[in-house]
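Below is one structure, written out as structure tokens; the observations come after it.
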Amino acid sequence: MTQPGKLIVITAPLTEVIDHAGYFIQMSMASLPIWLEGILNRKYPKWRAVEHNEDGTARMMPAGARLLEISLLRQYSPDDVACCYPADLDKFVGPRTRVVAVSTHNPLGVTFAAGVYTSIFGSSKQPINAHYARELFAAIKSNPHRGTFKVIVGGSGGWQIIQTNAYEELSVDCVVEGRSESAQTLDVFAKAIQGEALPRQLEVLHPKDRDGILFPDKRTTFGVVEMTTGCGRRCQFCVPDLNPQIDLPKDKILAAVRANVREGNRQISLATEDMFSWAQVYSVPQFSLDAREASLDLFSQVVNTPGVELHVLSHATMAPSVVDPLLIEKLSDMLLPKSPIRLPLLSTHPEQRALVPLIGLETGSVRMAKQIMPSKGVPFQIDDWPSVFIRGLEILNRNNWFPAVTLIVGNPGETDEDNLATLDLIYEVERRGLFAFFIPSIFTPLHDTRMEQQQGVTETAQLTPLQWQLMMKCWKMNLRPGQNSWWAPTAWRLGGLGLWAWKLRKLNGPHFTWPMLMFSSALPERVMGAMGKIHVGTPLVVKTRKELLATIKPHQWRHLRADNGDMPEAPPPSQAPPSTQPSLTLVPTLSR
Ligand code: B12
Ligand code: SF4
């Protein structure tokens, strides 16, 4: 018997739904080419297993899909709307269906840190995630009822369909850019249900205040619950920064946490661009008078919600840890016991747990930083960016935080000097025995950003020897904590050299050769450096925390907490620097 189907069916690519194997599997699937899927299949043989509700609907869905669902439920009855997994589409799409809505993060794998790695391995367009997204679109396209429903796509990756003009190929009628809460989003669904023609692309307004943002009342992938929107540091390449800066109310965050637990989720992650900016939007992070207490209170209530067993950090910035190291220490005490990440070779925690927030370094070149992200280190000057990074990382590592740090390679106008400066910083990290997972990606001009019109590197064969060295040095350093057995370093060396000889040397051009030999430790780096084949890093002069704090504008010193020490001493009045505001504006914060 043919099922009538639901009026609106919401789905998402399987690779964006799963959460039981941790963040790492989704990030790998966004970056590894489909021909390497076997590696993940062997490591996570059950990655495709997902839980269903009794009625066959999806038990977990990415937060974006859940918000679309709750947004639609303001206008439609629960009988009209269903969230389902791609494999169950046939059960929910029927003659009554008028919209199939797809929520997606990265459908075609053309975003930064995704395209680049598949490109290194030989195919620039088909990471594992893109393969599964295409499989989903193909299933929708071939659905027997395709003639009577419209396909509406949204989510942070929708722009990829617009930019590659993949509408026909994927059978997409409309891509909505922006949030599902918007009245314009509801209008486009209403039009689709009436059978009216839809615009191919629709940009909808972002809510301007907290009340306009909805919260999931069901289980989300990784227990993602939003904590803030927007950022305010105004990096030129950034998409989320274009959204209004809003910090979301604690009671609603906690209700969404409880909803996740009620539906069987044990893990929570608060989505944000900067975890330190909550309760202090429009202010320099950690500069509100009660900033520390506010952060501790929120995180404590989240991780102590009964049923929350695991908690994973989202994004952060580096400067706040230099401003308030005691906050990091206190957060560590609170969050480490619930972190699922264990790094035996790095962590001093009794259970070897670690915290791994995502932090942007992007470049170690002050010249480049001034161009693309002049406010990244506020309240410190961008001239001190390398020192802010090193001191921040020191404080984080001391407290068992080992961040995943993103870098952009191939920024427009990037010179060899810029790459040398970034390499110097990376070698300085190594020299000081500090650790971060460095994730270099090739500059991608993201839609709508202030760098949208700029051209970056399009093929890995275009990378210079120094850009290659930077990428391979980062990965070499990243693999250190995984090589704790006697055989691992040798296996890497032989595997790397074998892969290079078989395939990579042809794909990536001659500039790849020495960086690959360095990655494989074919020769000691100092020997390669003496041969002039690689740059082994010039030691940096790094300002102390006290010296850094002394560079903050004197009128802002009152925000510093004396219990952290290193307080700057008041300069004689004649030497006080002119009091210009930093790029982040200081205005009173919203009440929580
Ligand atoms: C949590 C998170 C992750 C998690 C979990 C992802 C998941 N599947 O749930 C992990 C760590 C796994 C991850 C991985 C990646 N991520 Co991510 N991630 C985020 C983060 C912090 C929050 C996403 C989120 O859930 N937000 C809350 C929800 C509610 O927002 P939303 O999804 O945008 O949904 C809203 C609208 O888009 C819209 N909407 C959503 N779906 C639909 C559908 C329709 C039909 C409509 C009309 C509207 C609509 O309505 C919602 C609001 O009401 C964002 C940054 C951010 N603050 O958004 C980055 C972000 C989305 N990620 C990003 C990237 C690049 C990646 C990776 C490619 C990184 C990598 N190389 O590994 C991978 C890709 C993973 C994959 N499977 O494809 C970028 C995307 C850049 C871009 N525009 O292309 C972002 C913006 C980070 C950044 N600062 O640049 N990510
Ligand atoms: S700090 Fe991060 S989120 Fe904020 S503007 Fe810069 S890149 Fe965007």
| note | Apart from one, (1) more than 14 Å from ligand 2 (Cβ to nearest atom); (2) assigned to a loop (DSSP other than H, G, I, E, B); (3) buried (at least 19 other Cβ atoms within 10 Å of the Cβ); (4) not basic (Lys, Arg) all hold for Glu273; the odd one out is (1)
| said: Among the numbered criteria (1) of a type outside the set (D, E, K, R); (2) over 20 Å from Ala550 (Cβ atoms); (3) within 16 Å of ligand 1 (Cβ to nearest atom); (4) touching a residue at least 40 places away in the same chain (Cβ under 8 Å), which one does Gln371 miss? | reply: (3)
| query | If we scan the range 273-293, do we find a residue that is within 12 Å of ligand 1 (Cβ to nearest atom), modelled with pLDDT of 90 or more and touching a helix residue (DSSP H, G or I) at 6+ places or on another chain (Cβ under 7 Å)? | reply | yes
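From Glu16, Glu37, grab the single residue that is within 15 Å of ligand 1 (Cβ to nearest atom), buried (at least 24 other Cβ atoms within 10 Å of the Cβ) and acidic (Asp, Glu). Reasoning before the result, please.
Details: Glu37 fails: buried (at least 24 other Cβ atoms within 10 Å of the Cβ).
Matching residue, one of Glu16, Glu37: Glu16.
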| Condition test on Tyr85, is it of a type in the set (Phe, Trp, Tyr), open to solvent by less than 10 Å² (accessible area, probe 1.4 Å) and away from ligand 2 (no atom under 16 Å from the Cβ)? | yes
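Take the residues in the range 260-270 that are in a loop (DSSP other than H, G, I, E, B) and not acidic (Asp, Glu); name whichever of them is nearest to ligand 2 (Cβ to nearest atom). I'd like the intermediate steps shown before the answer.
At the first step, the residues of the range 260-270 found to be in a loop (DSSP other than H, G, I, E, B) are 263-266.
Cutting the leftovers down to not acidic (Asp, Glu) gives us 264-266.
Numbers: Gly264: 31, Asn265: 26, Arg266: 28 Å.
Filtering the range 260-270 for residues that are in a loop (DSSP other than H, G, I, E, B) and not acidic (Asp, Glu), the one nearest to ligand 2 (Cβ to nearest atom) comes out as Asn265.
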| Residue that is farthest from the chain's Cα centre (by Cα) [pool: residues in the range 294-319 that are in a strand (DSSP E or B) and under 19 Å from Arg262 (Cβ atoms)] | Leu310
| task | Report the residue count in the range 257-270 for those that are crowded, with 22+ Cβ neighbours inside 10 Å and aliphatic (A, V, I, L, M). | result | 3
| field | Qualifying residues in the range 211-228 (those that are farther than 27 Å from Tyr85 by Cα and open to solvent by less than 40 Å² (accessible area, probe 1.4 Å)) - the one farthest from ligand 1 (Cβ to nearest atom) | value | Gly212
| said: Condition first: open to solvent by 40 Å² or more (accessible area, probe 1.4 Å) and either assigned to a helix (DSSP H, G or I) or within 16 Å of ligand 2 (Cβ to nearest atom) (or both). Now tell me which residues in the range 327-349 satisfy that. | reply: Glu329, Lys330, Asp333, Met334, Pro337, Lys338
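Yes/no per residue for (1) over 22 Å from the mean Cα position of the chain (by Cα); (2) part of a helix (DSSP H, G or I):
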site	(1), (2)
Ala255	yes, yes
Arg258	yes, yes
Ala279	no, no
Arg292	yes, yes
Ser321	no, yes
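Has the range 352-371 got any residue that is more than 23 Å from Ala271 (Cα to Cα), within 18 Å of the chain's Cα centre (by Cα), surrounded by 20 or more Cβ atoms within 10 Å (Cβ to Cβ) and modelled with pLDDT of 95 or more? It would help to see each step written out before you state the result.
Step one: filter the range 352-371 for residues more than 23 Å from Ala271 (Cα to Cα), giving 352, 363-371.
If we keep only those that are within 18 Å of the chain's Cα centre (by Cα) too, we end up with 363.
From what is left, the residues that are surrounded by 20 or more Cβ atoms within 10 Å (Cβ to Cβ) are 363.
Filter again for modelled with pLDDT of 95 or more, leaving 363.
Checking the range 352-371: at least one residue is more than 23 Å from Ala271 (Cα to Cα), within 18 Å of the chain's Cα centre (by Cα), surrounded by 20 or more Cβ atoms within 10 Å (Cβ to Cβ) and modelled with pLDDT of 95 or more.
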| message | Suppose we filter Leu254, Leu205, Leu242, Leu198 for residues that are open to solvent by 10 Å² or more (accessible area, probe 1.4 Å), within 30 Å of Asp173 (Cβ to Cβ) and modelled with pLDDT of 95 or more; which single one remains? | response | Leu198
| When both residues are 6+ apart or on different chains and their Cβ atoms are under 7 Å apart, which pairs have a first residue that lies in the range 233-247 and is within 16 Å of Leu361 (Cα to Cα) and more than 8 Å from ligand 1 (Cβ to nearest atom), and a second that is assigned to a helix (DSSP H, G or I) and open to solvent by less than 30 Å² (accessible area, probe 1.4 Å)? | Arg233/Asp241; Arg234/Asp241; Cys235/Asp241; Cys235/Ile372; Gln236/Ile372; Phe237/Ile372
| message | List pairs: first residue in the range 35-46 and under 14 Å from Asn129 (Cα atoms), second residue surrounded by 14 or more Cβ atoms within 10 Å (Cβ to Cβ) and β-branched (Val, Ile, Thr) anywhere in the structure, Cβ distance under 6 angstrom, at least six positions apart or on different chains. | response | Glu37/Ile128
| remark: Within the range 20-57, the count of residues that are in contact with a Gly (Cβ under 8 Å, 6 or more places away or on another chain) and farther than 22 Å from Trp475 by Cα comes to 1
| Say we look at the range 157-168 and pick out the residues that are in contact (Cβ under 8 Å) with a residue 24 or more places away in the chain and open to solvent by 10 Å² or more (accessible area, probe 1.4 Å); which of these is nearest to the chain's Cα centre (by Cα)? | Trp159
| request: Just name the residue that is farthest from ligand 2 (Cβ to nearest atom) out of those in the range 5-28 that are touching a Pro at 6+ places or on another chain (Cβ under 7 Å) and of a type in the set (A, V, I, L, M, F, W, C). | output: Leu14
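The values are calculated or read from the model by the stated rules, or taken from the named source; none is laboratory data. Owing to the predicted nature of the structure, the values given are computational and were not obtained by experimental measurement. Every residue, glycine among them, receives a Cβ derived from its backbone with ideal geometry; neighbour counts consider all protein chains shown. Protein only, heavy atoms only, side chains kept; ligands, DNA and RNA dropped before computing areas. Shrake-Rupley method; radii C 1.70, N 1.55, O 1.52, S 1.80 Å.
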